[in-house]
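The numbers here are math on the coordinates, done by the rules we state, and not lab data. Bear in mind the structure is a predicted one, so any value in this text is a computation, not a measurement. Here the Cβ positions follow ideal geometry from the backbone for every residue, glycine too, while neighbour counts run over all protein chains shown.
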Amino acid sequence: MTSEQAMLTKPATRSPARPAARLALALPLILGACARHQPGLVAPETLASPYLAARGEVLWAVAPLRNESGSSLPDIAAITDKVVAAAAQVRGVRALPLNRTIAAMRALNMQGIATPDEARQLAAEMGADGIIIGTVTAYDPYDPPALGLSLALYMRPESGRSAADLDSRALTSSPTEPPRPHSNFTGSPSAVTSEHLDAKNHQVQMDIQRYATGRLDGNSALGWRRYVVSMDLFSEFAAWHAVGRLLDQEWVRLGRVDEAK
């Protein structure tokens, strides 16, 4: 037998599969396994207003906060915007943009809100059912951050009326028009809260974890701790937490009113 014949009769051996081919075969299995193990979507915790839903949403305004923290570091406009955003997320409540409130204050020649009467006058000018005024009482942006917020909510006695009943003229009036002095706001705040939120506190950390659930990308390496290492995100949580405390008091207040009827 010649060497050529031997080569012809030698059994053929299978060549190993190419790496690309093996990857192409395995990829659908990998993707399927990942899809099966991806966490499902979780709805975040939300805030709900205690006002009568059948009468429509109520309208809130937020006055620019005052800085009483003893520090020049806080961006008061940014923190006030966080409070506006938190109020806007409440089911059953609409919140006026901060620039609308500032425009109304300029029309009334207000440099700030120092008294309940000024709060009532500003809210009446905008046709709002409620207005939040407050201060930043503490501010420490360093790790771990801390933020203090003191907020007061003034509500009309008939809060919960339909948004269609609002005075649309009050929302679109010219800044040159004289203010309308009439207001039926009560003489004292409907709800008051004073919160000092320190990220070292374990209860605060637990509250942050609850707030972060449903608000984070599941692939985030830091997870809920993003709200601790970022003062901007920590301020977002603090505003939401403080507005939630105001609503807790509103639920109690209106429950007592119903019991008295």
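Determine the shape class of region 72-122: with a ≥ b ≥ c the square roots of the Cα gyration tensor eigenvalues, call it rounded for a/c under 1.5, and otherwise prolate if a/b is greater than b/c, oblate otherwise. Oblate, because a/c is 1.5 or more while a/b does not exceed b/c. When Met105, Met155 are arranged by Cβ crowding within 10 Å, least crowded first, meaning fewest neighbours, the order is Met105, Met155. Using the Cβ-Cβ distance between Thr213 and Ile76 with R0 = 45 Å, the FRET efficiency computed as 1/(1 + (r/R0)^6) comes to roughly 0.95.
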